[in-house]
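The values are calculated or read from the model by the stated rules, or taken from the named source; none is laboratory data. Here the structure is a predicted model, which is why all the values come from computation and not from measurement. No Cβ is skipped: glycine too gets one built from the backbone with ideal geometry, and neighbour counts run over all protein chains shown. Only protein heavy atoms, including side chains, enter the accessible area calculation; ligands, DNA and RNA are left aside. Shrake-Rupley method; radii C 1.70, N 1.55, O 1.52, S 1.80 Å.
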Amino acid sequence: MKTLQRTVLLLSATSLMLLGTSCTSDEGTSENLRIKASSTNTFSQSKTAARTVNNAEVTISEFKLNISEIELEFDDSYYETTNDNFIDSDDEIELRGPFELDLLTGTTNITSLELPKASYEEIEFEFDKNTDASSDMFNKTVVIKGTINAIPFIFWHDFEEEIEVDFENAVTDIVVSESLTDVTINFDLNAMLSQVDLSLAIDGNEDGTIEISPEDLDGNKDLADQLKEKLKAVAELLDD
């Protein structure tokens, strides 16, 4: 996983870009924003205990995502109160990954960094395929593993898409000041799985594993596309 250390601000007419290598500094801590990721799920308490989801008994043993970049857009108020002629309300902070997130068992720190003290409207991030050939997520954007009615399954997808996430109250901004602010991108795995009928998944090639993917080796492509869309829909921003 890639995080940030000493940040470099590159200002252009359209964006501010932050580049770096890790989230801590030998010279001390000056970070004022920590971005985390988590999942809402009832599967991590026991990886062997099945939970009924629609018409299927489901266990989950792995839930991983790959994100290529994260963006924060300045709130209009920052532009209105600053005399800086280079930054306007269309400018943004861009954090380049990739960020490989393991979300089943708890909260994962994505990055900590120092940002301009300001209000930010929302977070945008881009789902993208993992490009690390040594990773078990290579060429995949999301991987979920477990069992469906006691048969091993894997769901994976390689979609690329940028989405926006906001607080439940959309008028709430991310306020970055001198003290450390925590924000969490949360994925509601319970909601995602409850909206798709996994009992329809089949082991079409009879190799002992149900594969739900865009390759459609088992005939589950429609379910893969449904899960992909639900994953995007259940992302939310939490204020810690």
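Based on the Cβ-Cβ distance from E206 to E160, what FRET efficiency comes out when R0 is 35 Å, to the nearest 0.05? For R0 = 35 Å, the calculated efficiency reads 0.65. Taking amide H atoms as placed 1.01 Å from N in the peptide plane, the amide H of E62 lies under 5 Å from those of K145, each 5 or more residues away in sequence or on another chain.
If R0 equals 25 Å, the separation of the Cβ atoms of N149 and L238 corresponds to a calculated FRET efficiency of about 0.15.
Using a Förster radius of 30 Å, what is the FRET efficiency between S134 and S177 based on their Cβ-Cβ separation? Nearest 0.05, please.
Approximately 0.15, to the nearest 0.05.
The portion of the accessible surface of the range 120-240 made up by carbon and sulfur, rounded to a whole percent, is 44 (1.4 Å probe; DNA, RNA and ligands excluded).
Amide H to amide H distances under 5 Å link I212 with I154, F155, W156, where only residues 5 or more positions off or on other chains count and H is placed in the peptide plane.
Ligands, DNA and RNA aside, T209 has an accessible area near 50 Å² when probed at 1.4 Å.
Remark: the range 85-240 carries 45 Å² of accessible area per residue (probe radius 1.4 Å; ligands, DNA and RNA excluded). A straight Cα-to-Cα reach below 30 Å connects K129 with the lysines K2, K36, K47, K64, K140, K145, K221, K228, K230, K232, residues fewer than 8 places away in its own chain not being considered.
Computed on protein heavy atoms with a 1.4 Å probe, the accessible areas place I93, I202 in the order I202, I93, largest first.
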